[in-house]
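Since the structure comes first, as structure tokens, the remarks are kept for the end.
Nothing in this text is a laboratory measurement; each read-out follows from the coordinates by a stated rule. Just so it is clear, the structure is predicted and the values come from calculations on it, not from any experiment. So basically every Cβ, Gly included, is an ideal-geometry build from the backbone, and we count neighbours across all protein chains shown.
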Amino acid sequence: MLRRTVPGLLANRLGSAALSLSSFLIAMTWGGASPAAGQAIRTTVASAQLEGTTFPQWIEDLGYRTTRIYPLTLAASGCPFVDVDVSGIQVSLMLDTGTASGLVITTDAPPIPHRVEGREEALNPDGSHRGESVRISLDGISVLGQAFRNVAGTVADWKMFSSTPFNGTVGLDFFLDRRVTLDYRSRKVAAASSPLPEELDRKRYLSLKLVDPLKSQGHILYARARVNGREAIVYLDTGYNVSFISPDFAEGLTRVERPGKFKVFREGVPLELDGRKLILNELRESPINRGAGFDLPVALALGSDFLSRFIVTIDIRAKKLILALAE
């Protein structure tokens, strides 16, 4: 008998295993970025009131040991992947800050020893059948230098998520007691259990307080900001390869129409974070179905095209997100 699940209505922790909304949206963003459709366009940061920061600089400023630095690889989509030991098998998995579940393995991954715990039917938002997944448990995995035992996960067909084969995703459930820093430009990722430094140079670093989402959304990233002059929430997701602005925040912004899946793009979008102003170009205009339960609407969904311009530090314990402009 299959258990039926609808994306976006799942309460997933490290000890559970169902498909997350973010994983389903990967199919939209990856599939929508095909050059043939005229959509190989990425959001750019036209200006930012920050000094640039190099790889050696942030290693020193953030207090990382060289033994806690690991390689980061980027897919053709621009999304980040890290090497993970899953039950003794080395697998490259997307480090996905938007997934509500800890671990998803796709059918494109190499064979991994596991125990089947049950099956689930995944549904599209309209209730139609999307596919089936298998709930599994594993003896253990190791993610960026830390081992976890008796881990729950999901196995599903990669075609349910993406137009391009990939091995799976690993989420922030594996970083609840340590911080992690991604440097897309230098292709490095760091993880450490030590607390963040109390003081960081404000000329280089933006410090954002994370807003707690509903428990059903897991450990994903929201922060307060000003977008186009209005108070709002922004959503940050390394599992998206492109970024979006809500039509509700697009008034008065330069409008560009293009052929393809997404028709309308916006230019010169003012974004204020931690008192500093950034200007973003090439933002797709699309409704953002995120942020239920907040006192403010979600104005932006910022993916890896935006985040790749920065050194991104996430500390779930301290409820902080630190951004530095990559040099």
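Say we join alpha carbon atoms closer than 10 Å with springs in a Gaussian network model of the chain; which of Leu296, Leu221, Leu206 then has the biggest fluctuation?
Comparing Leu296, Leu221, Leu206 in the GNM, the peak value goes to Leu296.
Rank these for me by crowding, Thr44, Thr313, Thr238, going from fewest to most other beta carbons within 10 Å.
Lowest count first: Thr44, Thr313, Thr238.
Report the local net charge at Ser193: Lys and Arg +1, Asp and Glu -1, summed over other residues whose C-beta lies under 10 Å from its C-beta.
That sum, taken over residues with Cβ under 10 Å, equals +3.
As an exercise, identify the GluC sites (Glu not before Pro) in segment 107-216 lying in DSSP coil whose Cβ has no more than 11 other Cβ atoms within 10 Å.
Glu198, Glu199
Test of understanding: what is the full-extension gain from Glu121 to Glu231, defined as 0.36 nm times their sequence separation minus their Cα-Cα distance?
Extending this stretch completely gives an extra 35.7 nm.
Taking the Cα-to-Cβ direction at Asp157 and at Glu257 and moving 7 Å from each Cα, how far apart do the two end points lie in nm?
That separation, rounded to one decimal, is 3.7 nm.
Fewest Cβ neighbours within 10 Å first, please rank Met160, Met94 accordingly.
Ascending number of Cβ neighbours within 10 Å: Met160, Met94.
For segment 3-325, with equal point scatterers placed on the C-alpha atoms only and solvent neglected, what are the log10 I(q)/I(0) values from the Debye formula at q = 0.16 1/Å, to two decimals?
-1.45
Identify all lysines with a Cα-Cα distance to Lys319 below 17 Å; exclude those on the same chain that are fewer than 8 residues away in sequence.
Lys209, Lys215
If each residue of separation counts as 0.36 nm, what is the full-extension length gain between Asp248 and Ser47 once their alpha-carbon separation is subtracted?
Once the chain is fully extended between Asp248 and Ser47, it gains 70.0 nm.
If each residue of separation counts as 0.36 nm, what is the full-extension length gain between Lys209 and Ala147 once their alpha-carbon separation is subtracted?
Computed gain between Lys209 and Ala147 is 19.5 nm.
With labels modelled as points extended 7 Å from the Cα through the Cβ direction, what inter-label distance (nm, one decimal) is found for Ala292 paired with Thr66?
The modelled label-to-label distance comes out at 4.9 nm.
If eta is 1.567 mPa s and T is 4 °C, what Stokes-Einstein diffusion coefficient results for segment 212-327, Kirkwood Rh from Cα pairs, in µm²/s?
Here the translational diffusion coefficient equals 88 µm²/s.
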